[in-house]
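Reading through the C-alpha cells given below for one structure.
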Amino acid sequence: MSSVKCLTSKKVSSFCLFTYLLFFVAVLLFFGLAYPHHLHYQEQYQLFLFDSTYVWEIVKQPGGVADLLGRFCTQFFLFAWVGALIIALLLTAVQLLMRQFVACGWLYGLSFVPSFLLWLFLLDENALLSGVWAVLLTLLAAWVIVRLTGGWTRRILLIAAIPILYILVGPVCFPIPVDSLWYGIHYYRYPTVFPWLLWGAALLVWIIIAVKITPFAAKVSTPLSHREGLGLGLFLIVAIVMGTLVRRNANFKAEKVMQYDFMATHQQWNRILETINKEKPNNQIGVTVQNLALAMHGMLLDHLADYNQNGIAGLLPDVNTDATSPLPTAEAFYQLGMINVAQRTVFEAQEAILDFQKSGRCYKRLAQTNLINGQYAVARKYLVALQKTLFYRDWANETLPLLGNEEAIAKHPEYGRLRQSAYKEDLTFSRTSSRSAISSELDGSRLTGDFYFSDHVTPEMLEILYYHNTDNRLAYQYLLAYYMLTGDRERYNHFISKEQ
C-alpha cells in the first residue's frame, strides 16, 4: 500500500512540474513573440536612475518597495526577450507560492488563477509591473508566516503584517479596498483607474490563505487515488478558460502600432519597409512611420500611391496632447531638420505621461536636439541624468565629449547633417501667414530662420526648410508629397518648374 502511495505521489509531483514548465514557457513565448512591443512601450515611459535621491523618493511612499522593484525590472524591457523572461519568472513565482497553500491536490488548478489574472492585467499597456511585485511580496510574507507559525500565533502575525506590507507594497496587501484612496498610485499609469484584475488576483490570494489557516481546510480531504484525475481536470479547465481570456483581451492592434513606433525610434528603416510590404499599415502612426521610412530611402514620391495614406495627416499629423502619438511625428520633424519643433513635441509628450515619470527615450532625444542647437548646458543636464541609467549610460558617455566641439559635431553623420538642415535664425510663424509674404522671403537673398509654428504643418514651412538647404532631400520629398496628397497641381507644377 505504501509503495502505491509513493508511486502516486511521484506521478503527482511530475504532473506539477510539467504544469510549472508549461505555464512558464507559455508566458515567455507570449510576451517574447506576440507582445514584445508592449514591453518596449513600458520601458520608454520611465527613467530608472541609479541614484540615492531617486531611490529614496520612491521607497519613502507607501508601496515604494514594490514600485522600485517594478521600475528596476521594467528598464530591462528595452530587450523584449529579457522582459518576457522577467514576467514569466514573476508569474511562475506567484503560482509556486500559491501551490504551497493549495498543494498538488484536487484544487491544484486554482493555484494558477492569480497568475493568470496578473497575466491578463499585464495585457494592458498602462498596467505597471509594481502591481505584480506587490502581490508576489504579499504572498511571500504570508507563506513565511504560515510555514513558521501555527494556530493563533499565525493569525496574529498575518494581521500584524498588514501595516508593514502596506509600507512595502501598498494597498494590495489588504483583502478588500475601501475607497479610492486605497487604489494605489504605483499599479496603473492612470491614477483614477481602478485595476480590477490586479485586485482580483490579490483578493483571491487572501481568500486561499484564509481557507488554508481555518480548521475547515483540515476536514476536507479527497482519496489519494482521485487527486491526480481531479487535479488534471481542474487544471485543464482553468488553463482553457484563462488562455481564451488572454487571447481575446490581448490588444494586437496596439501591438502593431507600437511596433512601428519602436522601429522609427531606433531608425530601423529597412525593417519598416519589409514590414509595410507584408502588411500595409492603416493607422495614423503606422502611416506616418511608413512615409518617413520611404522618404529616408528616397522612395516617397515614387511609391506614395502604393500604400495607404491618411491624407496630409499621414505625413506630419497635427500633434495631440498625449504621451504616445506625438513621438513618431517628432521623429519626422527631427529627421527633416525641424529641430526646435521636434524638441518641443518630445518635451510636451514627456510632460503628458500620466504617472509623472520621465522617459529615457525622451531624455535622449532632448539631449540630441539641444546639442544640435548649441544649447550645451541643457544637453549636459540630460546626458548627466542618462549617465545614471543602465542602458543609456554608454551612449551618454560617448555623446558628452561632443558638447562644445563644433568640429566633431560638423563631422558627425547625423548631428552634422541635421545642423546643416536646421533653420539658422529665429522667426515666429503662424498658420495665417500669407503665401505671398513667404514667396517674397524665399525669392530674396535672406533666408528665414529656425521658427516655432502651430501644430498644423503647411507647405510653406516645408518650402522654407528646403530653400534654406536644397540638399535636404527629405524636405523636398515631403513638400511634393504634400502637394500630391492635397491635389494642389498649381503649386506642384510651379515648384517643379522653378527647380528645373
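The values are calculated or read from the model by the stated rules, or taken from the named source; none is laboratory data. For clarity, every value in this text was computed on a predicted model and none was experimentally measured. Methodologically, a virtual Cβ is constructed for each residue, glycine included, from the backbone with ideal geometry; neighbour enumeration extends over all protein chains shown.
Does Val65 meet the test of being surrounded by 15 or more Cβ atoms within 10 Å (Cβ to Cβ), modelled with pLDDT under 90 and not assigned by TED's automatic domain parsing to the domain that holds Val346?
yes
A quick yes/no check of all residues on (1) farther than 30 Å from Thr92 by Cα; (2) of a type in the set (Val, Ile, Thr); (3) crowded, with 17+ Cβ neighbours inside 10 Å; (4) in the same structural domain as Phe15 (by TED's automatic domain parsing):
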position	(1), (2), (3), (4)
Leu234	no, no, yes, yes
Val241	no, yes, no, yes
Thr244	no, yes, no, yes
Val257	no, yes, yes, no
Asp261	yes, no, yes, no
Ile276	yes, yes, yes, no
Lys280	yes, no, no, no
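Does any residue in region 44-56 that is without any contact (Cβ under 8 Å) to a residue 60 or more places away in the chain come within less than 7 Å, Cβ to Cβ, of a residue that is surrounded by 17 or more Cβ atoms within 10 Å (Cβ to Cβ) and outside any loop (DSSP other than H, G, I, E, B) six or more places away or on a different chain, and which pairs are these?
Listed pairs, sorted by first residue: Val55/Leu68.
Does any residue of region 330-344 turn out to be of a type in the set (Ser, Thr, Tyr) and over 25 Å from Glu125 (Cα atoms)? Outline the logic, then answer.
Applying the first criterion (of a type in the set (Ser, Thr, Tyr)) to region 330-344 yields 334.
Checking which are over 25 Å from Glu125 (Cα atoms) leaves us with 334.
Looking through region 330-344, at least one residue is of a type in the set (Ser, Thr, Tyr) and over 25 Å from Glu125 (Cα atoms).
Gln357 is checked against (1) crowded, with 20+ Cβ neighbours inside 10 Å; (2) of a type in the set (S, T, N, Q); (3) at pLDDT below 95 and fails just one. What number does that condition carry?
(1)
So, in region 41-58, how many residues would count as being surrounded by fewer than 17 Cβ atoms within 10 Å (Cβ to Cβ) and within 18 Å of Phe77 (Cβ to Cβ)?
Number of matching residues: 1.
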